[in-house]
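Shown next, in C-alpha cells, is the structure this report addresses.
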Amino acid sequence: SEGLVVCVLKAVQKCRASILRGKLPGVPAHLCASEDPKTVATIAKCQSKLGDLIASRCTDGQAASLKLCEPDQVTVPQAASCLVDAHMVLIDGPRIDVPADLIDYEYAVRGGVCGDGVVNNMNEECDGPEDTACPGSCGSPTVPDGYFACLCKNKPRLRIVEHATADTDNGWTGNSADTPVVEGGGYLADLYDCDGTGLCTLGPSCSVAPRSPCHVVLSDPSGTTGDSVCAALGQGLCRKDRTAVGPHCFQDIQKKCDVDLHADPVCDGSGDYCAITLAAPPNPVASGGVTVCNLTVFTEDIVGTVNVLTGQSTVRAPQRARTYSRTIGAANKPCPVCGGFCGVSKERCASNADCPGSTGPCVTAAVCSDGPNAGKECRSGPPFGSAVTFFGTTSIDCLPDTTHEYTDGAGLNLYVTNRTTGTATLAPTVACSSPGFSGNACIGGTSAGRPCTAASECPGGSCDPQCFCAGQIRPNACGAACVGGPNDTIECTSDSECPAGFCHAGDCRLDPTDLDSVQEGVCTNGPADRHCSVTSFRACLSSTDCSQASCPYCEAGETCLTSKRACFMNGGIVRRGGPRTPEGASAGVYCIAGNNAAVNSVAGFPGPAAFTQPELQLTVP
C-alpha cells in the first residue's frame, strides 16, 4: 500500500503542476486522478501492481477471515479492490470537500462547503443532517432551497433575484445606455419586526425602539461597529446576522472593515479577514466599442423596509463596481468564463469543432477559463453564475486577475440610496462645467430647454441649472436642434435658424421605440453610432468590419448599422418600478462620481445613472 500512495501522489502532483503551468487545459485540478488520461493510466498500473502483489501472497480464506472491508470480502480480488478504493479516497478522493485527503492538504484545498453535511463554515447555520440550529428547516443547496442554502428557513429572510432583462443607463455620454446585468444577482437580507400587514424592517437595525438602521456607512472608518451606532442613538444593540452584505470582519460581523483591504488590520483575530459580498457574478459590459469586466460588491449593509405581502420596498443599497480591462486584446472575452471555452485561445465554444487548429480542445467541464482560479471548479447557475449574451457563462468562482491579464481600472461608487418598487426621480439642479451649458435653462412649461436667467422667462416651468450631478460636464452628448416652429427637430447653430422657436443645445427627446424603462431619451440630431447588427458591442465603419474575416467572433452575414445615441431627458430623469408579487421591479436614479480617466471619458462620469431592474422576491419562512 505504501507503493500505491507514493505512485498516486507523484502522478497527481505531475498533473497539477501541468495545470498550474497552463499545459493541461480543461481538467479540474481535483479530478486529475479520474479525468487526465495519463494520470488515470499511471494510477491504474499502480493499482494493478498492488492487486497482483496481494494475490501472490494471500488466499481467499485469508481474505475472508481478515474482514478487510464492509461488507466482508470473501475473495482476494474483492479484498484487493476494496483496499485500493479505500486508499484512493484518502490519497486523492474525487470530492474537494470531504473527506480531507493527502492532496487536499498539500494543495490547501478548501475544507468544507455547503452541502457536505457538516457545519464547517462560519457562514453556515446548518448543513443537511447537521441541523441542530433549526431541525428540519435547513435550506438545501439544490432547488428549490438553493437561494437559502445552509441557512435556517425558520428565520424571516428575503432574497431578491435580479433578472438579466434589466435596463441600466450610466453616464451622460449615452455610451453606456441599455446595459444588461447577469441573471441571478441580487441580495439576501434578514427581516425584523414584521407586522400583520406584511411590513418588515429589512437589514441590520437597533434592538430598542425606534429601532433605527445600524448599518455602517461608506464614510465611516474601519473598526466602526453596528453596536456603536445603536449606542450613540441610545437604542440598545445592533441586530445583525451573518447574512448582512456590508464589508465586515469574518469573525466579528459587527465590525466594519475596508472593502479594498482583504487584510484590513482591524480584523485582527486569528484567521480573521475582511469579508465582502459580491452583488452578482462578474458582468461583461460593452461601452463605446470598449468591453470591460465589472465586478460589483456591496459597500454597506442593505437596509430599508419591505412589505412581504404586497412586494413594495424601499432600500438603501450602495455598491462599488470594479472595472477590469484585459491588457491582451480580447474584446469578446473580457471576463473569465465557467466552461464553454477553447482551452488555448479561450474563445467561446460548444464542441471541439469550434476550436480549430491548436486553439482547443473545447472545455465543456465547469472549470474557470483563466484568472486566479484557472482550471478550478466553478458554479454556473444562479445566484453563483449565469450565461451572458456574447460573452459566455461567468461565475463568482471565476474572478478577474488583477495582477496579470487584467488591469484594475479602480472603482465606481454606485451610491444607490433609494432603490424602490415605486418611482425614482432626479431633477437637474447642478451647474454644468462646460461653458456651453453652464447657464440655466427652462425646466418644464412651454419654453422647456430655452436658456433663461429668471423663472419669469419660463411660462409654466422653472429656471434651473442643466446638469444632474456634481462635476458633470454637460447634460448629454446630443447635438443642437430647433425646438418649435416649422424647423422643429432640424439641426441648428443659432436661434436665427429656428423661426418661431429657438435653438436648443443638447436636445434630447422621448424615444418611443425604447420601452425598457419609462422616459427613455434619444438624441434628436445625433451623434450617431455604428455597430454590428448582431454582435452589437462591436463598433464598425462598414459591414466589412462585421465580417468573420475582420471579426472572427461575429456571426456570418452581419451588417454595420447606424443608430442615434441614447440620452437622459433634459428636464429630469424618471424611472418606475413595480411591486414584486413575486415578480416585479426596482428602480433607482443616482449619481456616479468620476474615478478612472478612460472610463470617465467613455461613459461620462461624473454623471447620472438610472436603472429599472426586473426581479423576483423570495421569502422564508
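Criterion applied to LEU66, LEU50 was being open to solvent by 40 Å² or more (accessible area, probe 1.4 Å), of a type in the set (A, V, I, L, M) and farther than 30 Å from SER369 by Cα, and the one residue passing it is LEU66. Screening the range 228-242 for residues that are surrounded by fewer than 23 Cβ atoms within 10 Å (Cβ to Cβ) and under 25 Å from ARG159 (Cα atoms) and picking the one that is modelled with the lowest pLDDT gives ARG242. If you filter the range 566-615 down to residues that are β-branched (Val, Ile, Thr) and open to solvent by 40 Å² or more (accessible area, probe 1.4 Å), you find that the one that is modelled with the lowest pLDDT is VAL602. Filtered by the rule that a residue be part of a loop (DSSP other than H, G, I, E, B), of a type outside the set (A, V, I, L, M) and open to solvent by 50 Å² or more (accessible area, probe 1.4 Å), the range 366-401 gives PRO372, LYS376, ARG379, SER380, PRO382, PHE384, THR389, PHE390.
This table checks each residue for (1) surrounded by fewer than 21 Cβ atoms within 10 Å (Cβ to Cβ); (2) at pLDDT below 90; (3) aliphatic (A, V, I, L, M).
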site: VAL245; (1), (2), (3): no, no, yes
site: CYS249; (1), (2), (3): no, no, no
site: LYS256; (1), (2), (3): no, no, no
site: HIS262; (1), (2), (3): yes, yes, no
site: CYS267; (1), (2), (3): no, no, no
site: TYR273; (1), (2), (3): yes, yes, no
site: LEU278; (1), (2), (3): yes, no, yes
site: PRO282; (1), (2), (3): no, no, no
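In the range 514-530, the residues that are on the phi > 0 side of the Ramachandran plot reach residues that are surrounded by fewer than 17 Cβ atoms within 10 Å (Cβ to Cβ) and aliphatic (A, V, I, L, M) with C-beta atoms within less than 9 angstrom, at least six apart or across chains, in these pairs: GLN519/LEU510. Looking at the range 288-302, which of its residues are in contact with a strand residue (DSSP E or B) (Cβ under 7 Å, 6 or more places away or on another chain) and either surrounded by fewer than 20 Cβ atoms within 10 Å (Cβ to Cβ) or closer than 17 Å to GLY385 by Cα (or both)? Those that are in contact with a strand residue (DSSP E or B) (Cβ under 7 Å, 6 or more places away or on another chain) and either surrounded by fewer than 20 Cβ atoms within 10 Å (Cβ to Cβ) or closer than 17 Å to GLY385 by Cα (or both): GLY289, CYS293, ASN294, LEU295, THR296, VAL297. Among all residues of the range 97-115, there is none that is open to solvent by less than 30 Å² (accessible area, probe 1.4 Å), at pLDDT 80 or above, on the phi > 0 side of the Ramachandran plot and hydrophobic (A, V, I, L, M, F, W, C). Considering the range 514-565, and only residues there that are of a type in the set (Lys, Arg) and surrounded by 18 or more Cβ atoms within 10 Å (Cβ to Cβ), the residue that is nearest to PRO334 (Cα to Cα) turns out to be ARG538.
The values are calculated or read from the model by the stated rules, or taken from the named source; none is laboratory data. As the structure is a prediction and not an experimental result, all values here were calculated from the model. With ideal geometry, Cβ positions are generated from the backbone for all residues, glycine too; neighbour counts draw on all protein chains shown. What goes into the accessible areas is simple: the full protein's heavy atoms, side chains included, and nothing from ligands, DNA or RNA. Shrake-Rupley method; radii C 1.70, N 1.55, O 1.52, S 1.80 Å.
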